[in-house]
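Read the structure below first, then the notes.
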Amino acid sequence: MKRLLWDKRFSGILWAVILGAAFILLSRIIGNFVHGVPWYLLSSMLRAAFGVIILMLGTRLYGKTAKDILSLHNNKIALLSGLGFLIFLLCYLVTICVGCREIFGLTAGLFFARLLLQQLTTALYEELNYRFLILEGYFHGNKSVWSRLLYAFVSFLVFGATHVVTGWSTSAFFLSGAIGFTFAVIYLKSGNIVIPMLLHFIYDIPANMTSYIEWKDASLLASMNSVLEIALAIMFLVSLAILIIDKSTVETKHTAS
């Protein structure tokens with residue numbers, strides 16, 4: 001067991017599950033006693049604390065400093081690898097703009113604590129835990145297409161499962177899993193975790209704002225949701241195609257740039 005905990009190829013997956021379970025448990029305990037803006041502030045602090053723990057663990061596991069992990073290297077190839085997600089994000093934002101009648105109940109405190117601070121720390125913690133820890137082992141083993149697929153689908157499954165711990169939802173599982181898969185592709189192709197963090201943060205703001213939106217005609221919203229499902233499928237297929245591109249091709253392009 002001790003050897004598995006420190007094996008560079010697979011230990012990150014085990015640590016991601018352990019830390020993810022600990023985070024969920026602590027969040028549920030705190031959530032029983034604190035609500036509203038104080039909850040979002042404490043939740044943000046918890047996410048930031050777990051992010052720091054993972055950065056320290058990254059040094060122990062892979063010999064990387066926080067500066068190494070949070071580097072913006074390969075940012076161009078990272079953005080290109082996230083093309084599928086960018087397509088989905090555009091469709092998602094258009095859907096919200098078209099379907100939104102008005103925003104209600106969103107105070108300044110909630111905007112700062114929930115939409116900004118909590119989502120910023122969520123992006124930090126979740127990308128470090130469910131992408132960096134799970135996927136970093138790929139760079140220390142067999143860098144084949146099948147290896148990339150394996151690591152990406154592990155991220156898909158674990159990230160999707162994390163979002164349905166409190167109650168199963170097929171749509172939530174596949175939505176979260178597919179987005180996690182796309183972010184995994186970015187990291188596997190570029191080694192850049194900051195770009196997935198930024199995209200995660202940008203997506204989470206409107207995603208969490210929807211609970212404060214009064215929607216227009218229900219039939220219009222249903223039609224837009226159908227378009228979103230198509231966009232989600234396109235996102236996954238584009239990301240899958242990018243993932244299976246021969247690694248040497250990507251490296252050659254990056255070197256040339």
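The values are calculated or read from the model by the stated rules, or taken from the named source; none is laboratory data. The structure displayed is predicted, hence computed values, not measured ones. Here the Cβ positions follow ideal geometry from the backbone for every residue, glycine too, while neighbour counts run over all protein chains shown. Surface accessibility is based on the protein's heavy atoms, side chains included, excluding ligands, DNA and RNA. Shrake-Rupley method; radii C 1.70, N 1.55, O 1.52, S 1.80 Å.
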Worksheet item: Non-local amide H neighbours of TRP215 (under 5 Å, H modeled in plane, Pro and chain starts lacking H): which ones?
Response: ARG101
Discussion item. For the stretch 30-70, which chymotrypsin sites (Phe, Trp or Tyr not before Pro) pass both filters: DSSP loop (anything but H, G, I, E, B) and at most 10 other C-beta atoms within 10 Å?
Written reply: PHE33
Worksheet item: Could you list, bin by bin from short to long, the percent of Cα-Cα pairs of the stretch 1-86 in 10 Å steps?
Response: 14, 31, 34, 20, 1
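Convex hull over the Cα atoms of the stretch 136-228, averaged projected area in nm²?
7.5 nm²
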Worksheet item: Where Rh is the Kirkwood radius over the Cα pairs of the stretch 145-197, the temperature 4 °C and the viscosity 1.567 mPa s, what D in µm²/s does Stokes-Einstein return?
Response: 115 µm²/s
Worksheet item: Whole-Hz Karplus ³J(HN,Hα) for the stretch 198-215, in order, using 6.51 cos²θ - 1.76 cosθ + 1.60 and θ = phi - 60°, x for Gly and Pro?
Response: 5, 5, 4, 4, 4, 5, 5, 4, x, 4, 7, 6, 4, 6, 10, 9, 9, 8
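Given the C-alpha atoms of the chain, compute the convex hull and give its volume per residue in Å³. Intermediate results must be reported in sequence, preceding the final value.
Working: hull volume 34.3 nm³, N = 257.
Convex hull of Cα atoms, per residue: 133 Å³.
Please compute one quarter of the surface area of the Cα convex hull for the stretch 71-205 and express it in square nanometres. Spell out each step's value before the answer.
On the way: hull surface 37.1 nm².
For the stretch 71-205, the mean projected area of the Cα convex hull comes to 9.3 nm².
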Worksheet item: Count the lysine pairs in the chain that are 8 or more places apart or on different chains: how many have C-alpha atoms under 26 angstrom apart?
Response: 26
Worksheet entry | Model label zone, VAL145; criterion: amide N under 11 Å from point 7 Å along Cα-to-beta-carbon; scope the stretch 206-245 | 241-245
Discussion item. Suppose all protein chains stay in the model; what accessible area per residue would a 1.4 Å probe give for the stretch 134-189, in Å²?
Written reply: 38 Å²
